[in-house]
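Down below is the structure, laid out as structure tokens.
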Amino acid sequence: MAGTDVTLLQAIREALADGMEDDDRVVVLGQDVGRLGGVFRATEGLYERFPGRVFDTPLAEGGIVGASVGLAVGGLVPVAEIQFLGFLHQAFHQVSQQLARYRYRTRGRFHLPVTIRAPYGGGLRMPEFHPDSLEAQLANIPGLRVFAPAFPDDAYALLRAAIQDPDPVLFLEPQRLYRSVCGPLPVGAAVDQPAGVRLRREGEDLLLVGWGPTVHTCLAAAGELAERHDVAAGVLDLRILSPLDREGLCEEAAVRRRVVVVHEGVRTAGLGAEIVATLQESLSDVLSPPIVRVTAPDMPYPPGRLEDAFLPSVTDVVEAALKVVQAS
Amino acid sequence: MAGTDVTLLQAIREALADGMEDDDRVVVLGQDVGRLGGVFRATEGLYERFPGRVFDTPLAEGGIVGASVGLAVGGLVPVAEIQFLGFLHQAFHQVSQQLARYRYRTRGRFHLPVTIRAPYGGGLRMPEFHPDSLEAQLANIPGLRVFAPAFPDDAYALLRAAIQDPDPVLFLEPQRLYRSVCGPLPVGAAVDQPAGVRLRREGEDLLLVGWGPTVHTCLAAAGELAERHDVAAGVLDLRILSPLDREGLCEEAAVRRRVVVVHEGVRTAGLGAEIVATLQESLSDVLSPPIVRVTAPDMPYPPGRLEDAFLPSVTDVVEAALKVVQAS
Amino acid sequence: MSDLDRRTTGGEDEPVRFLTQDGQLIRPDLPRPPDDVVREGLRLMLLSRALDEKCTILHRQGRLGLYAPVHGQEAAVVGSHLAIDPAVDWLVPASREQPAMLRHGWTLDRLLASLLGRIDAARIPDDVRMLPRQQAIAAQLPHAAGIAWATSIQGGRAVTLAYCGDGATSEGDFHEACNLAGVMEVPLVLVVINNQYAISTPVSRQTRARRLSDRALGYGFPGVTVDGNDLFAMYEVTRQAVVRARDGQGPTLIEAMTYRVGFHNTSDNPSLYRHPSEPAEAEERDPITRLVAYAVWAGLLDAAAVDAQRAEVRAEVEAALDQALSYDAPRPEQIFRHITGGARDNQPDG
Amino acid sequence: MSDLDRRTTGGEDEPVRFLTQDGQLIRPDLPRPPDDVVREGLRLMLLSRALDEKCTILHRQGRLGLYAPVHGQEAAVVGSHLAIDPAVDWLVPASREQPAMLRHGWTLDRLLASLLGRIDAARIPDDVRMLPRQQAIAAQLPHAAGIAWATSIQGGRAVTLAYCGDGATSEGDFHEACNLAGVMEVPLVLVVINNQYAISTPVSRQTRARRLSDRALGYGFPGVTVDGNDLFAMYEVTRQAVVRARDGQGPTLIEAMTYRVGFHNTSDNPSLYRHPSEPAEAEERDPITRLVAYAVWAGLLDAAAVDAQRAEVRAEVEAALDQALSYDAPRPEQIFRHITGGARDNQPDG
Ligand SMILES: Cc1ncc(C[n+]2csc(CCOP(=O)(O)OP(=O)(O)O)c2C)c(N)n1
Ligand SMILES: Cc1ncc(C[n+]2csc(CCOP(=O)(O)OP(=O)(O)O)c2C)c(N)n1
Ligand SMILES: [Mg+2]
Ligand SMILES: [Mg+2]
């Protein structure tokens, strides 16, 4: 399919299929991932194409994650879907106590090549829990890697990398982007090894930092800043939320000196706070404070049709950027 | 008991007993809280003194928190014990999706006067999970209040306040301090309403910020800084981790300009990051950066007998403080 | 309960059933609900069906978000709810028990307001002893156990009637709630609406248990499987369970065997995972058809009266919709309220 | 399995039992393990008891951290484990199945090293198909289901033998694991060591189920309650379950009725919650006494040989302890290893 543009959802589907094709230890499990192909159709076609390797599980997230631990110990490479990231809390004990710590607990005797995929993020007017962004809590769990792609090629490359990773990876899929973002797949075997941050737009006046859905919020804001305010904003895509590429982040921040970080998770103890803390620790002489956070407010996710007042908007980012630029 | 010094554990026991005495809707539930009086004896004597109001539950944390939601809806005021905070992950879905959001979901029709008590923190050479500090994850859940006392009087006052609170409170009990910290109980009815931060030691050169067990780490470090380095460090006890008393924090930080924050939770996306982010947002003109974090490293809690290399030590705090003082 | 079991079924494996599909009592000695209860039940079932139809249309028109229909499951929901007293008892729904919520006192206009996002108008009134719909599967069950436990601690008379789906029985929450309810012997009646599917997952992939009611033994209380398309059986079995609960004899688990005739919700496409003959066959066991047949046979209503009632409930839905639409459309600032109570109920940070 | 049930017990409510407390077969036609299996079992039980004694002393001397004894439960653990083949099968322990871990290939010095915090020496060898002890109650059960599921996906022969306590059966993890194991028909044998307590909580406050084995029905596989102080019954029931599992007939739940004679762990004080007469009575049903009586009666060993073996296992424990103490004491930098693999296995941030 190289050459043609695909959606982010198709990229995920391709990565799953190619991952299963390349390594027959890879199995797919989760609620409704088999015959239905997942509620978003991310696993469409796999059930027919890989008989005996795609499993509809009972409705129990703890069981899905816990069984994945066992499947990995038993020699397989499970790729589990949690239907929506919000429901990972039903499995949080298996994630934090088991999945993330098994290598450590056993002094390397068992490592767990498990990938957990989960759609997340707002914008689709979903019911409660379905749009929750839990990345800050995941980043607070050592032993886990957390990937959050924002583009089809990256979704493909990162998911392939997640499946190949000898350790557990939480793979966060921005559901709003599933069908709304298009782009090419990485060509052939030239799938990058996942490295750190990526600059998605050049711009020297300040740096907008986002991941997953807010990369696109930042890009739109950068467009508006350039057009209407003559401000050149660079946009940095964090991509890998844990472990953080602190070096790459600091490098891009240092040359621009002004930073705005944008996320859909709630503000307090959000991952934005870590970005701020990291930057001010390494670059306190260089940066022009304050680093501003544009985030969801500290409250439960509101009913879907009212989410616009809750989510960070392009306007919010533009305003924050102007404030930062004017402050110094 | 006013007048005599009590341990932090006794203060908690008193607060529970007085809370039950004052309001007969208060019930106590949890694993082994009845006849045994809890594994730390925090509920000792309540089973006999308040017949039909203290319940040993089955071994199921989700059930304990979930039933507490129902008990509250049904007109009672549950005070539930989770045997160790690490096991709150078994109930995380009930905490984040239910307990924290019920008032919001029902537009105020149901509010949940539930207190969840849980011992946490290191220093007792405990097995895995038992010493985990999850406060950053809890602070990332809107709708919850999180209290973390460090002294007996505060433990008493905050627990009374938690029980009286019309909304859910996570009450974090620093297990290392249970029997090692003594002090008076607040006198009679003169139990403060819980306000914000408290300065536990004066000192103008810099501010050490901690909560729960690390307040004492900070106090010891401040002692050493004064004696051996002629540095006057103030020590701020955060007390209430959510919602944060941002104003009080900023006020104390502003007058000292230099800040070190100390916690036992892991570094990345820890609550320390939020403190740093908050301070630099409000006080970027005033502070002398960087604000330094002294935390546990990003790794699973190690086997108990090796925890000293993991936990922030007095020496770590002293070193960080000297670095901060020398930097400006 | 096992007495009843034997009295009403051929073999141990058959669900409790009182009515044939033609609306005849299987045996004349079987109890039947009082006539006014039958009438109320039929009316609620028709109303529920009309509501499903309307909401599906509104969704297609883009005027209403996700909707999960009750179609095919009406007797299971209505028959069980008819056995409790909304003035005393608690209702803990899962998410598609619309007629139970209505009978419990949440008026149709408020229910529609909730589907239309009129969040403040949709608030459950203070005197309605009911929890809201639950989006986290099975999470309501520990709450139900807790409410019932509170009743027993306080020495009250209330029974808690809770619902969940077949899929929900796989969650840890189901287990922890049932086990706690058993240990504390709380007045809980749990109705598992076994509609054969959890989204696309058939119950055969959900569990290897022969019957979900077999779970009850492992919690130390009675479990019984009932024909969920039979209003009479659902009513009688639930009624007995409610009596037991009120008498302090603890919980009962009732598995209602029924079928989700429609889609999981308005965003689902069942043709991807089940043959269209399956719902078509299920339609032949339609619970409304069965009850209408009884009602006509028993002389409670004639066919014309049934038609009139169909028209009446449709008009009722239209009127309630107008009412719901007349409530204030939600304003953004509303979302910042009710995070915590009292003086703290302010704009959040951020 | 229910056949066995009826063959060996008076009533439906009695656990499966083969041996009287005097070490006599209840009926002559009951199967008994081969003599060498009995000898191996007795030796392991004596070794386990000696280990308990030593570790308790070491704890009192402040040389060893928390220790959870097996005292009283040895036949339940050893009898079930004797039925699997460590070269092929997987062991998933809870936390106090020391003799099973030893028989599975984790040598005594390594086990002691783990208790002494010699973390690297304690590492489970690559060829030992066993998970480590689990501190989060019941969390190992979904892992066990997953391992067994992997075997069935791969078409292997391995059976997974998992353990948990009576308290663990209340956790959601127990339920989700059992249900999944049933649906996927995995080769899992789950032994619930019902030692009557979870710390201070008696099983009567843990569940209202008459027997924990009754849970199995709700997952669609066999469940059986066995006298856990009877090595013969434990061995035979587990052996049959292992055969079923290996034949692709799915999981079995075995409830071993036994008693925690000692404290929950070395920091517990049982006199706060149970009368001393209770463990005293339980001692009269001591599983080692029972097996010794059989062995002597059957001429496998005489009393002097038993005494010799007691001395031998004590010496074995002492030697293993010396060995364990000879391993490097843990150095702080060791704790920073094995967080993630490969090139990333470095010092963490912070
Ligand atoms: C904890 C959780 N996991 C997954 C989902 C997604 N989900 C919504 S409905 C549903 C199926 C529910 O099936 P069942 O319990 O049988 O109820 P039914 O829809 O048939 O009424 C699933 C998996 C959810 N809402 N909550
Ligand atoms: C999830 C979890 N909750 C609570 C605890 C604390 N705890 C340790 S052992 C124990 C009792 C376990 O009882 P049981 O399962 O019967 O095993 P036994 O100790 O009797 O062998 C408890 C509550 C824990 N370790 N894990
Ligand atoms: Mg269903
Ligand atoms: Mg036990």
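Rounded to the nearest 0.05, the FRET efficiency derived from the C-beta distance between residue A:180 and residue C:210 at R0 = 45 Å is 0.45.
With a Förster radius of 41 Å applied to the C-beta separation of residue D:107 and residue B:319, the computed FRET efficiency comes to 0.45. Given in Å, the Rg to one decimal and the Dmax to the nearest whole number for the Cα atoms of chain D are 20.0, 67.
Relative to the other identical copies, residue A:254 shows label-point distances of 3.3 nm, where the label point lies 7 Å from Cα along the Cβ direction and values run shortest first.
Here r is the Cβ-Cβ distance between residue C:243 and residue C:13 and R0 is 30 Å; the resulting FRET efficiency, rounded to 0.05, is 0.70.
Shape class of the stretch B:244-328 from the alpha-carbon gyration tensor: prolate, with a/c at 1.5 or above and a/b greater than b/c. A convex hull fitted around the alpha carbon atoms of chain B yields 129 Å³ per residue.
If you put +1 on each Lys and Arg Cβ and -1 on each Asp and Glu Cβ, how big is the dipole of the protein assembly as shown around its Cα centre, in Debye rounded to 20? Mind showing how you got there, number by number?
Working: 132 positive and 178 negative charges, 109 e Å.
Charge dipole of the protein assembly as shown: 520 debye, to the nearest 20.
When D:108, D:19 are arranged by Cβ crowding within 10 Å, least crowded first, meaning fewest neighbours, the order is D:108, D:19. Across the copies of the chain, residue B:327 has label points (7 Å from Cα along Cα→Cβ) spaced 1.7 nm apart, shortest distance listed first. Dividing the summed -39500 (n - 2.57) terms of all DSSP H runs of n ≥ 4 by the residue count of chain D sets its mean residue ellipticity at 222 nm at -13000 deg cm²/dmol. Taking every full run of DSSP H in chain D, the ones that stretch at least 18 Å from end to end by Cα along their long axis and average 0.0 or higher on the Kyte-Doolittle scale are D:140-154, D:231-246, D:303-326.
Ellipsoid fit via the Cα gyration tensor, the stretch A:5-184: semi-axes of 23, 19, 15 Å, each the root of five times an eigenvalue, largest first.
Residues B:225, B:124, C:217, arranged from fewest to most other Cβ atoms within 10 angstrom of their Cβ, appear as B:124, C:217, B:225.
For residue D:303, inter-copy separations between label points set 7 Å beyond Cα along the Cβ vector come to 9.3 nm, shortest first. Shielding of peptide B:125-135 by partners, expressed as the average count of other chain Cβ atoms within 10 Å per residue Cβ, is 4. Rounded to the nearest 20 debye, the dipole magnitude of the stretch B:175-328 is 300 debye, with +1 charges on Lys and Arg beta carbons, -1 on Asp and Glu beta carbons, and the Cα centre as origin.
Between 0 and 90 degrees, the angle of helix A:61-73 with respect to the longest Cα principal axis of chain A falls at about 70 degrees.
Tell me whether the stretch C:110-194 comes out rounded, prolate or oblate; compute the Cα gyration tensor, take square roots of the eigenvalues as a ≥ b ≥ c, and use a/c under 1.5 as the rounded threshold.
Judged from the Cα gyration tensor, the stretch C:110-194 comes out oblate (a/c at least 1.5, b/c at or above a/b).
Report note on the peptides D:311-322, D:250-261: ranked by the mean count of other C-beta atoms within 10 Å, highest first, their order is D:250-261, D:311-322. Dipole magnitude for the stretch A:5-184: computed about the Cα centre from +1 point charges on Lys and Arg Cβ and -1 point charges on Asp and Glu Cβ, it is near 540 debye. Across chain A, C-alpha contacts under 8 Å between residues 6 or more apart give a mean separation that, scaled by the residue count, equals a relative contact order of 17 percent. Placing dummy labels 7 Å off each Cα toward the beta-carbon, the span from residue B:308 to residue D:25 is 6.0 nm. The amide H of residue A:185, built 1.01 Å from its N in the peptide plane, has A:3, A:6 as neighbours under 5 Å, considering only residues 5 or more places off or on other chains. For the stretch C:1-144, the square roots a ≥ b ≥ c of the C-alpha gyration tensor eigenvalues yield an a/c of 1.5 or more together with a/b exceeding b/c, which makes the shape prolate.
Distance between the pseudo-spin-label points of residue C:61 and residue D:60 (7 Å out from Cα toward the beta carbon): 8.2 nm. Potential lengthening of the chain between residue A:48 and residue A:227 amounts to 59.5 nm, from the contour at 0.36 nm per residue minus the alpha-carbon distance.
Modelled spin labels at residue B:220 and residue D:303, positioned 7 Å past Cα toward Cβ, are 5.7 nm from each other. Relative to the longest principal axis of the Cα atoms of chain B, the long axis of helix B:152-164 lies at roughly 50 degrees. Using the alpha-carbon positions of the protein assembly as shown, Rg (one decimal) and Dmax (whole number) come out as 31.1, 98 Å. The fewest-to-most ranking of A:250, B:182, D:178 by surrounding Cβ atoms within 10 Å reads B:182, A:250, D:178.
Judged by the mean number of other Cβ atoms found within 10 Å, the most tightly packed of the peptides A:228-241, C:22-35, B:29-42 leads the ranking B:29-42, A:228-241, C:22-35. Restricting the calculation to Cα atoms, the stretch A:117-219 shows an Rg/Rh of 0.96 when the hydrodynamic-style radius is the Kirkwood one.
Every number here is computed from the coordinates shown, using simple stated rules; none is lab data. Note that the structure is predicted; figures quoted are calculated from it, not measured. Neighbour counts run over all protein chains shown; Cβ positions are idealised from the backbone, glycine included.
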